[in-house]
Amino acid sequence: MAIFQCAGCMNNLPNKQDFEVSTQGLKMNRYRFILQNPKFSKWQIIMTRRKTRGQGVAELVGALVLLVPIVLAAIDLGILAIGAAINDSICRDAARAAASGPPSEFSLGDSRNLTPDKAPYQRALSVATKLYSTNFPAKIRNTLVAVETVRDIPPNSTGGAIDGDVAITTTIDIYPPFLVGAIMGGVSLSSSHKVPITYVMKSDG
């Protein structure tokens with residue numbers, strides 16, 4: 001009688017043919033086959049569930065390891081792009097301000113480098129420092145490059161527009177908060193704009 005019961009127990013165990021039928025004939029995965037086959041014990045089902053969940057967690061961690069650095073680098077690049085756009089806008093407005101008033105000297109000159117005590121330089125710098133008032137992780141430098149060219153000055157008796165232009169170059173220091181900042185620290189970007197002088201001299205008459 002004991003031998004008959006033992007033989008019955010052996011017959012109740014899953015064999016290789018059960019798995020072959022499951023994977024080939026019925027096209028069922030191993031986990032679903034275990035749940036639907038009464039030959040497996042409750043302990044075997046629990047262990048299979050744990051193994052499946054562990055594989056899912058490992059795959060999730062692996063995906064995050066690859067995805068997180070990509071996302072952080074994309075944020076840093078976005079901050080650099082925004083900083084470059086801010087600097088370009090400030091440079092353009094500063095050049096317009098420098099060219100809106102009288103030149104540094106009422107004399108002809110080609111590519112004169114302006115010092116901070118000259119009026120066009122001061123006009124450009126005031127606009128640059130005034131426009132930049134945000135909490136963005138970047139800073140416009142207090143020094144800029146100003147170059148003035150005066151090609152023609154009308155006589156005082158008639159007055160008129162001055163023929164010339166002013167070129168302004170501004171620099172911004174950007175500090176990305178994540179990977180780019182950790183590797184490179186700050187990133188400096190420059191922008192240049194040349195604007196015709198719009199100042200009109202009044203006649204003496």
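Any read-out appearing in this document is the output of simple, stated calculations on the displayed coordinates, not a laboratory observation. Quantities reported herein were computed from a predicted structural model and do not represent experimental measurements. Virtual Cβ from ideal backbone geometry, glycine too; neighbours counted across all protein chains shown.
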Please give the peptides 165-177, 96-108 ranked by average Cβ packing (other Cβ atoms within 10 Å per residue), highest first, as a rough proxy for protection.
165-177, 96-108
Tell me, what ³J(HN,Hα) does each residue in the range 109-122 have, in order and in whole Hz, if you take phi through Karplus 6.51 cos²θ - 1.76 cosθ + 1.60 with θ = phi - 60° and put x for Gly and Pro?
x, 10, 6, 7, 6, 8, 8, x, 8, 7, 4, x, 4, 5
Starting from the coordinates of the alpha-carbon atoms of the range 52-205, obtain the Kirkwood hydrodynamic radius over all distinct pairs and give the value in Å to one decimal.
18.2 Å
Which whole number of Å³ per residue matches the convex hull of the alpha-carbon atoms in the range 122-205?
92 Å³
